[in-house]
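The values are calculated or read from the model by the stated rules, or taken from the named source; none is laboratory data. Values in this document were obtained by computation on a predicted structure and should not be read as measured data. All Cβ positions, glycine included, derive from the backbone under ideal geometry; neighbour counts span all protein chains shown.
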Amino acid sequence: MNKTRLGTVSLRSFAAVGLALTVLSGCGGGGGGGASVGGAVPGAPAPVTAAPTAVLLDPVSLETYAGLDARIRAQFSIDVDPATVNQSTVVLLQGTVNVPATVVLNGRDVDIKPLAPLDMTRPYTVLLTTGIRSHGGVAMAQEARWNFLSIPPAADVTTADLFATTAPLAVTVGDVNGDGRADVVSVRSGGAVTDTLTVYVQGADGGLTQPVGYKMSSPNCIPTAVKLGDFNKDGKNDVVVSTLGDRPDAVCGMQVFVQNATGQLTAPQLLPTGDAYRVKLVDINRDGLLDMVGAGFNTASVSVFLQRSAGVFAPAASYPVDTGTDDMALGDVNNDGRVDIVQMRGQNRGTPQFSVLAQKADATFAAAKYYDLPPPFVTTGVLGNLAVGDINEDGLADVVVSVTANKPLARMITFYQDAQGELKAGVPLASPELPGPTQISDLNADGRNDIVVVNRELNTVTVYYGQPRKEALVGWLYKVPFTADHPDALAVGDIDGDGDSDIVMATSRGLIFMKMNLKAPVAAPK
């Protein structure tokens, strides 16, 4: 398993994920692999009255990063006085702090070599000051400044196993046979004679046993999501699968598989509903019984199923939302101690992008309050998935959304909750292209929430590891054989019994197990 580290990014400072170039010296585009600027010809005598300008040679374009052991190079438009090129006039910065580096002038090229590996927790800046002069004594008219990000070379830090099976759509992790070990549960679209719910039990040796399959209530009900929870208060996890019909007369909805005394799942109980594209479980009314929340694919509503008694659900209460649902999450996002519903706009793309249905004191939900992405994503970004959790260690649940787009618009955006229970304007975070399914979990057991994101079609997974003292998140990129794009195709749990959280994905080729056997690196101490 290969990983690559991503830097943090400020939307104001970076025009694209990777390297952003801000040239204050009037040198124009400055690309072209180091072409001279202002009409100067390399090697020609410089006019005495000409002022030097500079372009960046390495990194070479807006789409590349400098390595942790980076050799950073710039090129002057004319010959400059070597005596004016030194550590005072050529400066490497991390924020406002000087980074020790050697500065060597070789012809018109200047090489900047950091004395120690770069720190990934902040962007870096190269500054060429107006103290640099030509041989004729003419100073640079304006300083030149470049911002860049850095990544380490790829290294093997995890293993990824492909468990070949028929195109699973969704997956979850938890104990479904009462032995205290985390098992893997997946669903797939299988047809009339195929088991569509599959349980992989974890053995005592940490390996997964041969799968056990279960059928839906009807072969015309297509599974879309799967979750675990104890519905009948017997101390054993049961399984709920949300299903949509593949024909108009199909009666589908939430299908509850209760675990019996022998660790097997009984035939499903069907709760008919059209709001069964996404499903989440939580005790909404704080009566000690697990409730269900469902969202439809194009129903413009969400439905809440409250348990009246163990294993018995009341008829669904339906609440209107904007057209369709691509994803849904639950959490207290207004700091009143009650669980709210966060729903992402679905198939009818546009604004607003997501909504919050705040829970009221009587366990019903208020009308949806809508939120937009920040510029420029508000008009061009397409949300992929969302998750809810405390990202900045203030004890308040935040909302994280993925903008499933190509560069330069691919981003993860966090809406932080303030002390007044309001979600503030979204803060963008650097992302590879096409970020999609998203989970919030403490992956490296440091007590801080991390963000796990599957990058669609790029065969990578990004983990943004939480940082101390509310610092910016640090992203690491992991290569995998295949990736997933279904909203519920990502789960986190200890699937091999080694005490570390692992990542599980449902892909078109089967289940991918990312066994995170090495603790993820954390930011260098400040």
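Among the residues of the stretch 304-355 satisfying the criterion of being at pLDDT below 85 and closer than 18 Å to GLY288 by Cα, which is surrounded by the fewest Cβ atoms within 10 Å (Cβ to Cβ)?
Checked the stretch 304-355; the qualifying residue surrounded by the fewest Cβ atoms within 10 Å (Cβ to Cβ) is ALA310.
Looking only at the stretch 369-404, which residues are of a type in the set (D, E, K, R), within 19 Å of MET328 (Cα to Cα) and at pLDDT 90 or above?
LYS369, ASP390, ASP398
This table checks each residue for (1) out of contact with any Gly (no Cβ under 9 Å at 6 or more places or on another chain); (2) over 14 Å from THR198 (Cα atoms).
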{"site": "GLY213", "(1), (2)": "no, no"}
{"site": "PRO219", "(1), (2)": "no, yes"}
{"site": "THR224", "(1), (2)": "yes, no"}
{"site": "SER242", "(1), (2)": "no, yes"}
{"site": "ARG247", "(1), (2)": "yes, yes"}
{"site": "MET254", "(1), (2)": "no, yes"}
{"site": "GLN264", "(1), (2)": "yes, no"}
{"site": "PRO268", "(1), (2)": "yes, no"}
{"site": "LEU271", "(1), (2)": "no, yes"}
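If you check ALA267 against the conditions, is it buried (at least 16 other Cβ atoms within 10 Å of the Cβ) and assigned to a loop (DSSP other than H, G, I, E, B)?
no
Among the numbered criteria (1) crowded, with 19+ Cβ neighbours inside 10 Å; (2) out of contact with any strand residue (DSSP E or B) (no Cβ under 7 Å at 6 or more places or on another chain), which single criterion is violated by ALA491?
Of everything listed in (1) crowded, with 19+ Cβ neighbours inside 10 Å; (2) out of contact with any strand residue (DSSP E or B) (no Cβ under 7 Å at 6 or more places or on another chain), ALA491 misses just condition (2).
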